1. Pairs on different chains or at least eight residues apart, Cα atoms closer than 30 Å: how many lysine pairs in region 3-307 fit?
2. Tell me, 258, 240, 195 in order of fewest to most beta-carbon neighbours within 10 Å?
3. Ordered by packing density, taken as the mean number of other Cβ atoms within 10 Å over each peptide's residues, highest first, how do 128-139, 22-33, 293-304, 278-289 rank?
4. For residue 155, enumerate residues with amide H under 5 Å from its amide H, sequence gap 5+ or separate chain, H modeled in the peptide plane.
5. Mean shadow of the chain, computed from the convex hull of its alpha carbons, in nm²?
6. Considering only the other residues whose Cβ falls under 13 Å of the Cβ of residue 110, what net charge follows from Lys and Arg at +1 and Asp and Glu at -1?
7. For the chain, what does the helix formula give at 222 nm: sum of -39500 (n - 2.57) over DSSP H segments with n ≥ 4, over the residue count, nearest 500 deg cm²/dmol?
8. List the residues whose amide H sits under 5 Å from the amide H of residue 294, counting only those 5 or more places along or on another chain, with H placed 1.01 Å from N in the peptide plane.
Amino acid sequence: MARKIIIDTDPGQDDAVAILLALASPELDLLGITCVAGNVPLEMTAKNARIICELANRPETRVFAGCDAPMSRKLVTAEHVHGKTGLDGITLPDPVMELQDQHAVDFLIETLRAEPEGTVTLVPIGPLTNIATAMERAPDIIPRIQEIVLMGGGCFEGGNITPAAEFNIYVDPEAAKLVFGAGVPLVVMPLDVTHKALTSRARVEAFRNAGRVGPAVASWTDFFERFDKEKYGSEGAPLHDPCTIAYLLQPELFTGRHINVEIETGSDLTLGMTVADWWRVSGRAPNATFMGGIDDDGFFTLLTERLARL
Ligand code: BDR
Ligand code: CA
């Protein structure tokens with residue numbers, strides 16, 4: 001039976017690739033896409049999610065709009081990376097499919113209560129506001145979650161929005177603290193992994209030839225590659241968010257450690273830092289499987305093969 005997942009997202013070109021990978025994979029049953037403010041404001045992330053579903057020819061996918069601002073802070077966005085629309089790189093038609101009426105947080109709560117306990121996996125690839133709000137409002141859902149597989153944080157790689165913090169955690173550190181402290185089985189794809197999942201000319205060209213959605217994926221990766229190559233001085237750009245879905249499909253592509261990870265919410269200097277006890281020196285109980293390694297060739301092969309099916 002296919003594994004039931006909900007993707008919580010702020011598309012974003014790399015979010016888009018993650019969603020396409022999920023839609024292309026029969027091992028996964030995508031119950032819904034919940035949108036959150038992050039890379040761009042909520043109105044745009046909710047629109048982008050539907051553009052992506054229509055690109056994949058899957059307009060029946062349910063898309064929900066959620067929180068338009070972090071739990072207790074002002075929203076920080078990342079148009080400098082993703083462009084004004086969040087999906088800059090190619091102009092796609094405005095979506096025809098409707099947004100669901102229900103709020104994303106209510107959908108998360110209702111679904112986790114309705115489905116058998118331990119059968120729904122959450123895949124957050126944006127700030128954790130929707131997930132934490134659902135947990136705060138309905139703590140009974142927490143033990144019902146099978147697993148959370150998220151993109152966020154960094155250890156040896158430091159941060160990407162500040163020297164200490166990765167964007168998804170930085171935008172809503174209070175939400176991240178709640179999620180990391182909830183006691184749910186947690187798999188984290190930090191920058192330590194995603195900065196090894198780099199595009200290259202050959203990989204982007206392989207995307208371009210990957211069926212109907214290939215040209216759009218190549219245009220998106222081309223777009224944010226420009227920014228990232230300059231920033232990191234690397235050959236290509238990290239493809240962050242699809243690492244979560246790839247893990248659900250082929251966990252053997254990744255290596256990591258079960259360790260303690262705490263979120264900094266007090267310091268201005270290191271706000272949103274994931275304090276990852278990689279060397280197990282704190283004595284604090286492990287709460288997350290924090291990944292550090294990826295078979296990048298295997299990852300890009302999986303992605304390209306799956307995208308070509310759409
Ligand atoms: C994360 O931040 C966003 O810009 C990307 O979509 C990804 O989820 C990487 O730090
Ligand atoms: Ca994202």
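Every number in this text was worked out from the coordinates using simple rules, so none of it is lab data. What you see is a predicted model, and the numbers here were worked out from it, not measured in a lab. Glycine gets a Cβ as well: all are built from the backbone with ideal geometry, and neighbour counts include every protein chain shown.
1. 21
2. Working: 258 13, 240 28, 195 19.
The fewest-first ordering by Cβ neighbours comes to 258, 195, 240.
3. Values: 128-139: 23.4, 22-33: 19.5, 293-304: 17.8, 278-289: 13.7.
Per-residue mean Cβ counts within 10 Å order the peptides as 128-139, 22-33, 293-304, 278-289.
4. 191, 192
5. On the way: hull surface 57.1 nm².
If I average the Cα hull's projected area over directions, I get 14.3 nm².
6. On the way: positive: 62, 113, 137, 144; negative: 101, 106, 115, 140.
Taking every Cβ under 13 Å from that of residue 110, the sum is 0.
7. On the way: 12 runs with 113 residues, N = 310.
After summing the helix terms and dividing by the residues of the chain, the value is -10500 deg cm²/dmol.
8. Those qualifying (amide H under 5 Å, at least 5 residues apart or on another chain) are 255.
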